[in-house]
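Below is one structure, written out as structure tokens, with a few remarks after it.
The values are calculated or read from the model by the stated rules, or taken from the named source; none is laboratory data. These numbers come from a predicted model, not from an experiment. Cβ coordinates were reconstructed from backbone atoms using ideal geometry, including for glycine residues, and neighbour counts include every protein chain displayed. For accessibility, only protein heavy atoms count, side chains too; no ligands or nucleic acids. Shrake-Rupley method; radii C 1.70, N 1.55, O 1.52, S 1.80 Å.
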Amino acid sequence: MEVRRTAPVKLVVPDERRDDLHESARQFLHCANRAAEFCWSDHSYTDCVTANTTARDALYDELREETELTANLVQEAIRRAVQAVTGCVERWKQGKRVSQPEFTSWSMLYDKRSATFYRNKVSLSTINGRVECEFELPSDSPTPYEQYVLSEEFEFRASTLQYDAVDDEFYFHITTRKYDSDRDGDSSEVSADTEHQTVLGIDLGLNSLAVSSTGRFWHGDDYDHWCREFEKRRGEMQQRGTQAAHNALLRLGKREEAWRKQYIHTIANEIVAEAVEYDCDVVVFEDLTDIREQLPEAKWHHIWAFRRLLESVEYKAPEQGISVAQVEPNHTSQRCSRTDCGFTHEDNRHGEQFECQKCGCEVNADYNGAKNVGLRYARKRQHRLRSSPTSGSGDAPVDVRINGGALNGESHRPIAGA
Ligand SMILES: [Zn+2]
């Protein structure tokens, strides 16, 4: 169910605008290389800059001066360099040989502000205004564009424009997950004066231990497996009843606890990393107070895992500037997470599968739940900000990060976004 896809779509670029794209790409590479140079240090990885904001604050004005690129393209170029440097730093830490990233291939990153989608075309920022490019779609249906980009499950996230010098064609690789470029929710000029928040919803459950609204699954199969194994071994030792068995039982208990903690700790770290990757400000869980009533089939080790996971994320997330919130679990698993639907009925859910009885939308039930957790938080926050006299005009921006895009609490933003 975790799907990350890129749909390559051939573009029909008007002849007189091809040079604008070529020159834009040249300037984009210039920005990326300048940023890589700024972020890199040959001395030590601790001297490398891996924070996007640091690089952006240092370089943005300068690069806007030096190039004719739009704000978002400059930011994407910086982000690309920071990501590359971050990757190198990770390998460096593992003792691998690395060097300053260098960008040479014809490639530009577009986010939802620099690329606007229409059904059959896309409008792209260039150094010389926008250029509208029609999609050259194959005749067989469904096209990748229809399949991934128009589908709710595969919302537009960011895309790479590439040029194929061999056949002299431009291709737009519409990415549903890989590049986290629309974190430019934090782009200074767009939203610095608003309280924009991006939310990662987490659904905890028995099918999968945890699922994020970005479509990442922590299945927990091995957790269940090992908990059962420990249980079995404990049973055997208890039956023997000797002092030696008793001592072994205590040791086993300690080992099991350490293992369990480590397991949950790893998932917690990965959840926080997911939030960082998608530039989320808040990780939202369901309130666990009544978890036993909501999940009567849950074993004690599940309940333990849920609580521990929440605690661990609460402990870890603030180090990354991310907060943790909880929402009341109101039919999260029965409600259709399509924001233009929201139909809630117990028949919607069949085990791992969710099928909305009203709009027909079919989706993994836990993924549906994770989106709902995020959306519930978004709605509550929007409501709160609207009813607060100090929050201004009141269009309180909250995005729920989902697989390949974002939702806000009110309306589904299908593709083009803002
Ligand atoms: Zn529905």
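Kindly indicate whether Y315 is more than 10 Å from the ligand (Cβ to nearest atom), in contact (Cβ under 8 Å) with a residue 60 or more places away in the chain and outside any loop (DSSP other than H, G, I, E, B).
Answer is no for this residue.
Given the condition in a helix (DSSP H, G or I), buried (at least 21 other Cβ atoms within 10 Å of the Cβ) and modelled with pLDDT under 85, answer yes or no: does some residue in the range 186-196 qualify?
No; the residues of the range 186-196 include none that is in a helix (DSSP H, G or I), buried (at least 21 other Cβ atoms within 10 Å of the Cβ) and modelled with pLDDT under 85.
For the range 26-42, check the following and say yes or no: at least one residue is touching an Asp or Glu at 6+ places or on another chain (Cβ under 7 Å), closer than 23 Å to D15 by Cα and open to solvent by less than 30 Å² (accessible area, probe 1.4 Å).
Yes, there is a match, as at least one residue in the range 26-42 is touching an Asp or Glu at 6+ places or on another chain (Cβ under 7 Å), closer than 23 Å to D15 by Cα and open to solvent by less than 30 Å² (accessible area, probe 1.4 Å).
Among the numbered criteria (1) closer than 27 Å to A273 by Cα; (2) away from the ligand (no atom under 16 Å from the Cβ); (3) open to solvent by 20 Å² or more (accessible area, probe 1.4 Å); (4) in a loop (DSSP other than H, G, I, E, B), which one does V324 miss?
Result: V324 fails condition (4) only.
What's the total number of residues in the range 106-127 that are closer than 14 Å to L21 by Cα and surrounded by fewer than 21 Cβ atoms within 10 Å (Cβ to Cβ)? Step through it out loud before you land on a result.
Residues of the range 106-127 closer than 14 Å to L21 by Cα: 106-110, 114-115, 122-127.
Add one more test, that the residue is surrounded by fewer than 21 Cβ atoms within 10 Å (Cβ to Cβ), and what stays is 106-107, 123, 127.
Adding up the residues that qualify gives 4.
Identify, please: which residue in the range 333-354 is at pLDDT 85 or above, near the ligand (Cβ under 9 Å from one of its atoms) and in a loop (DSSP other than H, G, I, E, B) and is, among those, farthest from N207 (Cα to Cα)?
Within the range 333-354, the match that is farthest from N207 (Cα to Cα) is C341.
Among what's in the range 355-391 and is within 16 Å of the ligand (Cβ to nearest atom) and in a loop (DSSP other than H, G, I, E, B), pick the residue that is modelled with the lowest pLDDT.
Checking each candidate, the answer is C361.
This table checks each residue for (1) surrounded by fewer than 13 Cβ atoms within 10 Å (Cβ to Cβ); (2) in contact with a helix residue (DSSP H, G or I) (Cβ under 7 Å, 6 or more places away or on another chain).
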{"site": "R240", "(1), (2)": "yes, no"}
{"site": "Q243", "(1), (2)": "yes, no"}
{"site": "L249", "(1), (2)": "no, yes"}
{"site": "R255", "(1), (2)": "yes, no"}
{"site": "V272", "(1), (2)": "no, yes"}
{"site": "F285", "(1), (2)": "no, yes"}
{"site": "I291", "(1), (2)": "no, yes"}
{"site": "Q294", "(1), (2)": "no, no"}
{"site": "K299", "(1), (2)": "no, no"}
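Might you check whether a residue that is touching a Ser or Thr at 6+ places or on another chain (Cβ under 8 Å), modelled with pLDDT under 95 and among the hydrophobic types (A, V, I, L, M, F, W, C) occurs anywhere in the range 34-41?
Looking for residues that are touching a Ser or Thr at 6+ places or on another chain (Cβ under 8 Å), modelled with pLDDT under 95 and among the hydrophobic types (A, V, I, L, M, F, W, C), one finds none in the range 34-41, hence no.
Can we say R79 is open to solvent by less than 30 Å² (accessible area, probe 1.4 Å), on the phi < 0 side of the Ramachandran plot and basic (K, R)?
Values: open to solvent by less than 30 Å² (accessible area, probe 1.4 Å): yes; on the phi < 0 side of the Ramachandran plot: yes; basic (K, R): yes.
Yes: the conditions hold for R79.
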